[in-house]
Amino acid sequence: MPRLLSRALILVAVAGLLGTGFWFLGRPAYSQHKETRSLKQAREYLAKGDYPNASLSARQALFINPSNIDACLVMAELCQIAHAPQLLDWRRKIAELSPTLENKVLLASAALRTQGPPFPVAAETVEGLKADGQNYAPYHTISAELALKTRRPDLAADHFGQAAKLEPGNQHHQLNLSVLRLQSTNRTQVAEARAVLETLGQSTNLGAVALRWLVADRVDQKDWPAAETYSKQLINQAGANLDDRLLHLGVLRSTQKPDFDPFLHELRQQSSTNAASIYAVTIWMVSRGMVEQALQWLASTPAKIQSEQPVPLAFVDCYLAKKDWARLQAFLEANQWADQEFLRLAFLSRAVAGQNDSLGADGLWRAAVRAAGDRLGPLSRLISLAAGWGKTEAREDLLWQIAQKFPRERWAYRELDRTYQAAKNTRGLNKVYAAMMHSEPNNLQVLNNFASTSFLLKQSLPTAHQVALENYRLQPANPIISSTYAYSLHLQRRHNEAAHIVSQLAPRDQENPALALYLAAIYLHAGQTNQARRCLSLVPETELLAEEKALAEEIRKVM
């Protein structure tokens, strides 16, 4: 009997081991099956316009495999549809998972959509592609778009020209160049550009795009008959979209045509079950002062769709336009916004601030920042809101947060530099350069700026003197670096050594207004009063920092 029991126990143990083995072996296959199924469902829901379920399915795939690039692409598309700033985060992740030129260009494109001027992420991404992208037409296209948004039409024309050379058969580039030439002061160029666009307007692929620009051009020139003609052609194109119909609606409104009200009614009916379309029509109406009509229409849409982004944003835009802070607050307090909760809290902060509750507004703003978490897109969106609402300190705090949490996003430091330069805030500048030294230890310009601001503030002097010396050893012929080192010697009372260094500067550098104040101080304490007086006369008084003004006044008192 004991022997039979022993054999039974062995069989049970073997069965258990086999079961455990099958479980471990089968688990990866089951997970892969579930991941594949979730991704397939996400795509199907996306194609049907069922965005909540598309998001849920894509997240299920990402829960199983956070590196599933196809699921990330679905999330990026959903964010683009919902006008969600998280688009930037998804595009950033995609570019990290698959760092191709195409994905990096799409990251820059997302940054242009989600950030405001000066579009720092897009600018930094484009700059990083400069070496590898010269023979890649989409790089030149995105560079041109950035140049246009930052009002550099000549640079945009150069990039469009480069794209056309790389892809001579791509009529998109020909179209882009023609659009730029429409803005020329040369009438012949304008006429030629319009002729090219009219020809392209007959194209199956580019007809809608060309006609859009022709309508926009005629609207700018207030040539309403031509604008209406082009616009009618546009909305009859197979590739016409809602934006084209809104463009036509604008022409009808400007010409006070009786077709306006029926056309608007038709557009609202066609858009009433699509969240993205509802948002587009609402924004169009708000921008034309039709806020109350927009609100009435929004309230008439199905209750289910009113909670689907970006429809809640459409309500918010209406209340903001009316400055109806009480209704905005009531609307925002009714429901939470899931992934967009940070945005709800930010707008709620604005609503409370509009009712003179600064303490409550500050608390809600801090909650919005916490809700944004470590996500670059939401933090960037909050920066734009802070700038628009005049929350200077809040904007600075967010830039510092991005700089510290995302060390590769060097644009945050550059934005802080630009902010403190504009405010002539020497302490802020010094803090920025001190932080940048750690992320860019070989950037001599940053090191020099740290040293020079430290000298003005008379703080961290041992470090600043050492930095100035090491920079000088690396680039003794650089006039900026050598003059900073000379000023370092001057502060150490080594006046003759300092004067000798600056006396070796080229004549044009001796006349440089940016160096003049420091040269004046050096020459004065070396006993070369005439040289000091000449340099002081070159100092641009209106551009000085407060500490530099004090130094200039001190020099005048001594002379």
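Residues that are touching a Gly at 6+ places or on another chain (Cβ under 6 Å): list the helices (runs of 4 or more DSSP H) wholly contained in region 132-191 that include at least 2 such residues.
Values: elements: 137-149, 153-166, 171-182.
Output list is empty.
Restricting Arg408, Arg418 to those that are open to solvent by 60 Å² or more (accessible area, probe 1.4 Å) and assigned to a helix (DSSP H, G or I) reduces the list to Arg418. Within region 195-226, the residues that satisfy the criterion of being part of a loop (DSSP other than H, G, I, E, B) and open to solvent by less than 40 Å² (accessible area, probe 1.4 Å) are Gly201, Ser203, Leu206. Determine which single condition Arg152 fails, assuming it passes every other condition in (1) at pLDDT 90 or above; (2) charged (D, E, K, R); (3) closer than 26 Å to Pro118 by Cα. Single failed check for Arg152: (1). Within region 270-291, the residues that satisfy the criterion of being assigned to a helix (DSSP H, G or I), open to solvent by 50 Å² or more (accessible area, probe 1.4 Å) and either within 21 Å of Leu46 (Cα to Cα) or without any contact (Cβ under 8 Å) to a residue 12 or more places away in the chain (or both) are Gln270, Ser287.
Checked against (1) open to solvent by 50 Å² or more (accessible area, probe 1.4 Å); (2) under 30 Å from Ser307 (Cβ atoms); (3) part of a helix (DSSP H, G or I), Leu264 passes all but a single condition, namely (1). Tally the residues that are on the phi > 0 side of the Ramachandran plot and in contact with a helix residue (DSSP H, G or I) (Cβ under 7 Å, 6 or more places away or on another chain), restricting the search to region 220-267. Residues meeting the conditions: 0.
Checking each residue in region 472-526 for being closer than 22 Å to Phe450 by Cα, within 42 Å of the chain's Cα centre (by Cα) and of a type in the set (Lys, Arg) picks out only Arg473. For His490, the conditions (1) of a type outside the set (A, V, I, L, M, F, W, C); (2) open to solvent by 30 Å² or more (accessible area, probe 1.4 Å); (3) at pLDDT 95 or above are fulfilled apart from (2). A single member of Asn53, Asn68 is of a type in the set (S, T, N, Q), surrounded by fewer than 18 Cβ atoms within 10 Å (Cβ to Cβ) and either touching a Ser or Thr at 6+ places or on another chain (Cβ under 8 Å) or at negative phi (or both), and it is Asn53.
Per-residue answers, yes or no, for (1) in contact with a helix residue (DSSP H, G or I) (Cβ under 6 Å, 6 or more places away or on another chain); (2) surrounded by 15 or more Cβ atoms within 10 Å (Cβ to Cβ); (3) modelled with pLDDT of 90 or more:
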residue: Ala131; (1), (2), (3): no, no, yes
residue: Asn135; (1), (2), (3): no, no, yes
residue: Thr141; (1), (2), (3): yes, yes, yes
residue: Leu148; (1), (2), (3): yes, yes, no
residue: Pro168; (1), (2), (3): no, no, no
residue: Leu175; (1), (2), (3): yes, yes, no
residue: Val179; (1), (2), (3): yes, yes, no
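Results for (1) farther than 30 Å from Gly116 by Cα; (2) of a type outside the set (D, E, K, R); (3) surrounded by fewer than 22 Cβ atoms within 10 Å (Cβ to Cβ), shown as yes or no for each residue.
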{"residue": "Ala422", "(1), (2), (3)": "no, yes, yes"}
{"residue": "Ala435", "(1), (2), (3)": "no, yes, yes"}
{"residue": "Ser460", "(1), (2), (3)": "yes, yes, yes"}
{"residue": "Glu470", "(1), (2), (3)": "yes, no, yes"}
{"residue": "Ile501", "(1), (2), (3)": "yes, yes, yes"}
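Among the residues of this structure, Val539 counts as one that is buried (at least 19 other Cβ atoms within 10 Å of the Cβ) and part of a loop (DSSP other than H, G, I, E, B).
Do we find that Ile94 is at pLDDT 95 or above and either crowded, with 22+ Cβ neighbours inside 10 Å or not aromatic (Phe, Trp, Tyr) (or both) in this structure? Yes, satisfied.
Scan Ala477, Ala514, Ala546, Ala521 and give me the residue that is among the hydrophobic types (A, V, I, L, M, F, W, C) and open to solvent by less than 20 Å² (accessible area, probe 1.4 Å). Please lay out each step first, then the result.
Values: Ala477 fails: open to solvent by less than 20 Å² (accessible area, probe 1.4 Å); Ala514 fails: open to solvent by less than 20 Å² (accessible area, probe 1.4 Å); Ala546 fails: open to solvent by less than 20 Å² (accessible area, probe 1.4 Å).
Only one candidate passes the filter, namely Ala521.
Inside region 227-245, can you point out the residues that are buried (at least 16 other Cβ atoms within 10 Å of the Cβ) and either outside any helix (DSSP H, G or I) or among the hydrophobic types (A, V, I, L, M, F, W, C) (or both)? Ala227, Leu234, Ile235, Gln237, Ala240, Leu242, listed by residue number.
The values are calculated or read from the model by the stated rules, or taken from the named source; none is laboratory data. From a predicted model like this one, the values you see are computed outputs, not experimental measurements. We place every Cβ from the backbone using ideal geometry, glycine too, and count neighbours over all the protein chains shown. Side chains are part of the model used for accessible areas, which takes the heavy atoms of the whole protein and leaves out ligands, DNA and RNA. Shrake-Rupley method; radii C 1.70, N 1.55, O 1.52, S 1.80 Å.
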